[in-house]
Amino acid sequence: MNHTKRISRPAPTPIVVRGDSAAGVHRVRDIVRTFTGSLAPAPDSDTAESLVLVVSELVTNALRHGGGRYTLVLSAGADLVHVAVSDPSPTLPRERAPDLNGGSGGFGWHMVRRLSHRLAITPGPGPGKTVHAQLRR
């Protein structure tokens, strides 16, 4: 009889990252990879990379369309990884047709919606908004 138990460590303390430039997006990706690697059990590689994409898109959208700065909070529960990206703009994200020829984007919000298990937008802090995404571990 196999008495092997899967041992889980407590979820790490939430990570908070603030930024105001596109140069910080690369750093955020590294932070997300380190965060997912610290989870026990760690998410599979597809989930970890999906989380990197979701965070990267939300942070990029906050910089481009949300007032030029963001606050990212990463946390994890037993079954889900939680992402919250706040920016100073009250304008809600919107879907737009992806630009297949001109390179002007339009893919990010579609990707975030497809990769996230749950997605919500709440008002605040201040006059801005927070986009919450959850991915299954």
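None of the figures in this text is laboratory data; all of them are computed from the coordinates on show. From a predicted model like this one, the values you see are computed outputs, not experimental measurements. All Cβ positions, glycine included, derive from the backbone under ideal geometry; neighbour counts span all protein chains shown.
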In degrees, nearest 10, range 0 to 90: what is the angle between the Cα axis of helix 24-38 and the longest Cα principal axis of the chain? 20
So how do 47-60, 122-135 stack up, highest first, on mean other-Cβ count within 10 Å? 47-60, 122-135
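With charges only on Cβ, +1 for K and R and -1 for D and E, what is the dipole size of the chain about its Cα centre, in debye, rounded to 20?
Values: 17 positive and 10 negative charges, 58 e Å.
About 280 debye.
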15 Å beta-carbon shell around LYS129, net charge (K/R +1, D/E -1): +2
Subtracting the Cα-Cα distance from 0.36 nm times the residue separation, let me have the gained length for VAL25 to ALA97 in nm, one decimal. 23.6 nm
Using P(r) over Cα pairs in 5 Å bins from 0, in percent as the read-out, say which of [x] 2, 9, 19, 23, 21, 16, 8, 3, 1, 0; [y] 2, 9, 17, 19, 17, 13, 10, 7, 4, 2, 0; [z] 2, 10, 20, 22, 19, 13, 7, 3, 2, 1, 1, 0, 0 was calculated from these coordinates. [z]
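Stretched out fully, how many nm does the piece from ASP44 to MET111 gain, at 0.36 nm a residue minus the Cα gap?
That pair, ASP44 and MET111, stretches by 22.2 nm at full extension.
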